[in-house]
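To keep things clear, I will list the structure first and then write my remarks on it.
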Amino acid sequence: MLSQGGTDRVTAILARGYAEAGFDVEILVLCRGGKAEPLLSNMIGPTVSVRYISGLPTWRTFDLLRLFPAIVRYFQLANPDVLVSTANNTAWICAAARMLGRLGKTRLVIKTTNPIVGSRHRGPIQKFRHWGYARAFSSATAVWTLSDAETNMLRTAYPSAAQRIRTVVNPYVNATMLATRTPAAKTNSNPIILGVGRLTAQKRFDLLINAFALIDHTDAQLVILGDGAERSRLIKLISFLGLSDRVTLLGFVTDVAEQYRQADLFVLTSRYEGLPAVVLEAMAANCPVLSTDCFAAARSLLENAEGCGIVELADPAKLAKMIDYHLDGKRPTSLRTIAIGNSVESGIADHVSALHEIFESGGLSL
């Protein structure tokens, strides 16, 4: 679906960027009804075709399986020069559909968006995943990752595909976020802690809320942007902890730039991420970041960044102490420079360059 996830937003940005670079672009969407469908459709623009296979979704894994025959048929009809799998959850499906559709001339690009090596899976599931990605990577012309750290991990884990794996710059930070403007005046001077993301178990907002209940800065406010299945459970937790007057769940917000400018600290408590856009968006506003070690580039990005830090243990008491410590620090001035590296313009340019490499290496006409 065209949902509120960062991968869907990046897909919309890149599709438009490819089209403006002269490519004929089409997006295949499995189901309608994504929460951000109107917003992303407008972002994609009129020069990109968007095709929907089905109506409302059920459960993602079931939808991928039930719609697989339709995906194969559509790939055969479109017969693209290049097929880009935009996220982990479509990698196997795209590889299998390309094979069963006998699209031998179609170049497959697999983009990894969440950890594959050292993921949360263990035992037989981990072995099955390794085998599945090895098969998918073997049929791909290129595998694009979101960080050099992830590239190095994949090259080590899948040596036969090492030459096809490269890092791409993801287009995360837009011009509004990078604009050097003074934040709007706060209604009060209380510190603001910000969390952003879908309200799902992966994001562990319960950890953030439990830690917030223990901080010494009792005048601080916690603002969480995003929506999802965990909303009602989090509301109950907030009420149980007596934090209803200090924690605000704002829901899905389309323009988050001012929220980052207003915040005194951004906290990411996820179990796992690829390269989280929210971290770079916060840095674009020179907002200090605390993050769990949930993505491959976390330490290289944050350990030496001004005012930022890594949450070593998912423990509310320890996280509370880190939040208090960082709230007492000065607001950084150098984080914006880091975020510029993942600007929308830089990301589109690098993806277009990577796409040109596919055409040139395969002898395809541009």
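The values are calculated or read from the model by the stated rules, or taken from the named source; none is laboratory data. In this text the structure is predicted, and so the values were computed from the model without any measurement. Neighbour counts run over all protein chains shown; Cβ positions are idealised from the backbone, glycine included.
Of everything in region 264-319 that is farther than 27 Å from residue 216 by Cα, of a type in the set (A, V, I, L, M) and assigned to a loop (DSSP other than H, G, I, E, B), the residue that is modelled with the lowest pLDDT is 296. Total residues in region 44-68 satisfying the condition of being free of Cβ contacts under 8 Å to residues at least 24 places away in the same chain, in a helix (DSSP H, G or I) and closer than 23 Å to residue 10 by Cα: the figure is 1.
Among what's in region 317-338 and is of a type in the set (A, V, I, L, M) and in contact with a His (Cβ under 9 Å, 6 or more places away or on another chain), pick the residue that is surrounded by the most Cβ atoms within 10 Å (Cβ to Cβ). Within region 317-338, the match that is surrounded by the most Cβ atoms within 10 Å (Cβ to Cβ) is 323.
Just to be sure before I move on: is residue 293 of a type in the set (Asp, Glu) and under 21 Å from residue 196 (Cα atoms) in the structure I sent? Taking the combined requirement at face value, the residue satisfies it.
To keep it simple, each residue is scored yes or no on (1) closer than 17 Å to residue 26 by Cβ; (2) surrounded by fewer than 14 Cβ atoms within 10 Å (Cβ to Cβ); (3) at pLDDT below 95; (4) in contact with a Gly (Cβ under 8 Å, 6 or more places away or on another chain).
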{"position": "101", "(1), (2), (3), (4)": "yes, no, no, no"}
{"position": "119", "(1), (2), (3), (4)": "no, no, yes, no"}
{"position": "127", "(1), (2), (3), (4)": "no, yes, yes, no"}
{"position": "138", "(1), (2), (3), (4)": "no, yes, no, no"}
{"position": "141", "(1), (2), (3), (4)": "no, no, no, yes"}
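Picking from residues in region 145-169 that are charged (D, E, K, R) and closer than 18 Å to residue 85 by Cβ, the one that is surrounded by the fewest Cβ atoms within 10 Å (Cβ to Cβ) is 166. Contact map, region 1-28: first residue assigned to a strand (DSSP E or B), second residue basic (Lys, Arg), Cβ cut-off under 8 Å, separation 6 or more or different chains; pairs are 26/51; 27/51; 28/51.
Applying the condition of being assigned to a loop (DSSP other than H, G, I, E, B) and of a type in the set (A, V, I, L, M, F, W, C) to region 198-238 and asking which residue is modelled with the lowest pLDDT yields 229.
On inspection, residue 252 does not qualify as within 22 Å of residue 120 (Cβ to Cβ) and surrounded by 14 or more Cβ atoms within 10 Å (Cβ to Cβ). Note on region 177-206: residues that are closer than 30 Å to residue 235 by Cβ and under 25 Å from the mean Cα position of the chain (by Cα) amount to 16.
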